[in-house]
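These notes are about the structure you will find just below.
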Amino acid sequence: MATPSASHRKSQVRQNENDRSGWLREGSNVPTTIANTIAPTINLRFEPGRLVLWVNLSGVHGVYFTGPVAQAVTLARLKASPKIRMNSPKPISHHFTVDVEEHFQVAAFEQHVARSQWDSLPSRVDRGVRLLLELLAERRAHATFFILSWVADRQPALVREIAEAGHEIASHGTDHQRITELSRDAFRESVRDSKAILEDVTGHTVLGYRAPSFSITRDVEWALDILIETGYRYDSSLYPVRRDGYGFAGGERDPHVLCRAAGSLHEFPPATIQWGSAVLPAGGGAYFRHLPYTLVRSALSDAERRGVPGTFYIHPWELDPNQPRVSVPYRTHLRHYGGLTRTVPRLRKLLATFQFQSIAHTLAVADRRRVRGTSGESLALADER
């Protein structure tokens, strides 16, 4: 039998038509990566922008190669054996989340804009929200919108518009006050009332919560028990990073279940990236605007390699470069207003590269699999439509 040509062999490592990862490029500069894993044999997997080659070493540990190393080893192996196993699994659908608040309600403005002034300031939240709805619709993506009940009280039609577009409505609390500044009773009132207001506006049950400024820290873990007691099924507040103002250092990076005295609560942390022993924030917001786009892209790609959905977040005001300027110190001004013109182009690129769904959808898939008796504890599920 004639040996197939190298070009024919190359064609065998192309992705299928439904895989969005792109073609393997000759001369890729992606560095070789070595990691411990379990790999039953040589196994090819396509990921965004690269081909990954897994090689079993001992039945317990293995290595994987990317870039030109993967290409060279793959072609050599194809020549040696036509039985190489191709694996193009269902793509992971990540979580696209939006923290719905006005441009003047951010934590960085607390010392400069009093809450008593809020009703006298121009509202612009609808501009960013409607642009987000357009961007999501272009890619048939769905999202979770964590909404302040302060906004829902004043713009119920906007909240219904989000829900009618097929997106999940979840709670961002009442008035963007950080949990570290609230008593237990005040927090309970906030999460109970905001849930009730959003449910009354939309007619749908609210399942999820995200704390303003990711402010559930190690010092206020009691907030998790109150969420369970007030009927929430999941939280998305525990940012497993070390940072001034927020952070749940040492927390798990991937979706998981928290076992608390009050019961269980699903947790969906914002996306991070690991650099040596350090875990760095890479979930969105200012990191998406100010730092290279590859940071968030790499965090989501890394989540896919682990077989889990990453959680991305953005705010409507980050799509509004013409918002009125508040007089604040230079550093605060730069952080809030810098990079606003980059947001929309980067969002288009992100939505074209990855698949996104709401957190509620992931939770529903997990529930269906548990009912069917599917084994496994992870909430890291490929899309199931």
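Bear in mind these aren't lab numbers, they're just calculated from the coordinates by the rules spelled out. All values derive from a computational prediction rather than experimental measurement. Backbone-built Cβ (ideal geometry, glycine too); neighbour counts: all protein chains shown.
A simple count of charges around GLY231, restricted to other residues whose Cβ falls under 12 Å of its Cβ and scoring Lys, Arg +1 and Asp, Glu -1, yields +2. For a modelled paramagnetic label at ASP153, 7 Å from Cα along Cα-to-Cβ, the residues of segment 105-132 in reach, with backbone nitrogen under 11 Å, are 119. Among the trypsin sites (Lys or Arg not before Pro) found in segment 232-277, those both in a DSSP coil and sparsely packed, with 16 or fewer other Cβ atoms within 10 Å of their Cβ, are ARG242. The LEU280 and ARG325 beta-carbon pair, evaluated with R₀ = 22 Å, returns a calculated FRET efficiency of approximately 0.15.
Hydrodynamic estimate: the Kirkwood radius of segment 93-372 over Cα pairs, inserted into Stokes-Einstein at 25 °C and 0.890 mPa s, corresponds to D of 130 µm²/s. Considering only the other residues whose Cβ falls under 9 Å of the Cβ of HIS290, what net charge follows from Lys and Arg at +1 and Asp and Glu at -1? So the surrounding residues net to +3.
A crude spin-label estimate for the pair GLU164 and ALA249, with each label 7 Å from Cα along the Cβ direction, gives 4.8 nm.
Gain on full extension, evaluated as 0.36 nm per residue between HIS290 and LEU340 minus their Cα-Cα distance, stands at 17.1 nm. For segment 84-174, trypsin sites (Lys or Arg not before Pro) are listed when DSSP marks them as loop and at most 11 other Cβ atoms sit within 10 Å of their Cβ; the list is ARG140.
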